[in-house]
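Please read the structure below before turning to the comments.
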Amino acid sequence: MTDIAFSAYLAFYVYLLMLLLQWGIATISKAKQANAVPGKIDESLSHSSFIFRAHRTFHNTLENSALFVGTVLFAFTINYQSALFAICIWVYVSARLVHMALYYVIATEKNPSPRTYFFLIGLIANIVMLGLLGMRFIY
């Protein structure tokens, strides 16, 4: 295995660990509440509630996972190895980790919030990864 492939695989593994961590935090914080109902979150909750923020952090990551996971697994499947691609995976994962941390600690209804910038960094990294894959087929 090349260093580039190892780096890309490691970044993807870190992403999966982050997803597991978010799921655990959202599940445990909600389950600790009195009268917690599995699969339901109190509709009256908002950003002032950590339970709401933990739930939204996890779901926001899930909403963005399809494109990221699909892009990365497609690259792995065709054995695409590029240092720039691996860097983009790390940028995406790092941006999502900062997004997660900011969502946990900042209770704001303001838009854009500081986490929005890290969402955009991750989105741009994903777009670059898709572009790199597309260029592989052109050249």
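The values are calculated or read from the model by the stated rules, or taken from the named source; none is laboratory data. Note that the structure is a prediction, hence the values are computed from the model and not measured. So basically every Cβ, Gly included, is an ideal-geometry build from the backbone, and we count neighbours across all protein chains shown.
A few comments on the model shown:
- Taking the conditions (1) at pLDDT 95 or above; (2) surrounded by 13 or more Cβ atoms within 10 Å (Cβ to Cβ); (3) over 27 Å from Tyr139 (Cβ atoms) in turn, Ala54 satisfies each one other than (1).
- The range 121-134 residues that are among the hydrophobic types (A, V, I, L, M, F, W, C), paired with ones that are outside any helix (DSSP H, G or I) (beta carbon under 9 Å, 6 or more apart): Leu132/Tyr80; Leu132/Ser82; Leu133/Ile78; Leu133/Tyr80
- Qualifying position, being surrounded by 20 or more Cβ atoms within 10 Å (Cβ to Cβ) and under 23 Å from Leu10 (Cβ atoms), among Val72, Val91, Val98: Val72
- Residue selection: Ala66 fails the criterion of being buried (at least 19 other Cβ atoms within 10 Å of the Cβ), without any contact (Cβ under 8 Å) to a residue 60 or more places away in the chain and under 15 Å from the mean Cα position of the chain (by Cα).
- Every residue from the range 1-40 that is buried (at least 17 other Cβ atoms within 10 Å of the Cβ) and either in contact with a strand residue (DSSP E or B) (Cβ under 6 Å, 6 or more places away or on another chain) or over 17 Å from Tyr92 (Cα atoms) (or both): Ile25, Ala26, Ser29, Lys30
- Flag for His99 being closer than 20 Å to Leu17 by Cα and at pLDDT 95 or above: yes
- Among the conditions (1) in contact (Cβ under 8 Å) with a residue 40 or more places away in the chain; (2) in contact with a helix residue (DSSP H, G or I) (Cβ under 7 Å, 6 or more places away or on another chain), Leu102 misses just one, which is (1).
- Sub-8 Å Cβ pairs linking a first residue in the range 1-17 that is touching a residue at least 60 places away in the same chain (Cβ under 8 Å) to a second residue that is buried (at least 17 other Cβ atoms within 10 Å of the Cβ) and basic (Lys, Arg), at least 6 apart or interchain, are Tyr15/Arg96, ordered by first then second residue.
- The one condition in (1) part of a helix (DSSP H, G or I); (2) closer than 18 Å to Ile87 by Cα that Leu20 fails to fulfil: (2)
- Test: Ile106 is at pLDDT below 90 and within 18 Å of the chain's Cα centre (by Cα): yes
- Residues (assigned to a loop (DSSP other than H, G, I, E, B), of a type in the set (A, V, I, L, M) and within 23 Å of Ser48 (Cα to Cα)) located in the range 71-111: Ile106, Ala107
- Residue tally, condition surrounded by 15 or more Cβ atoms within 10 Å (Cβ to Cβ) and either in a helix (DSSP H, G or I) or at pLDDT 85 or above (or both), over the range 41-51: 4
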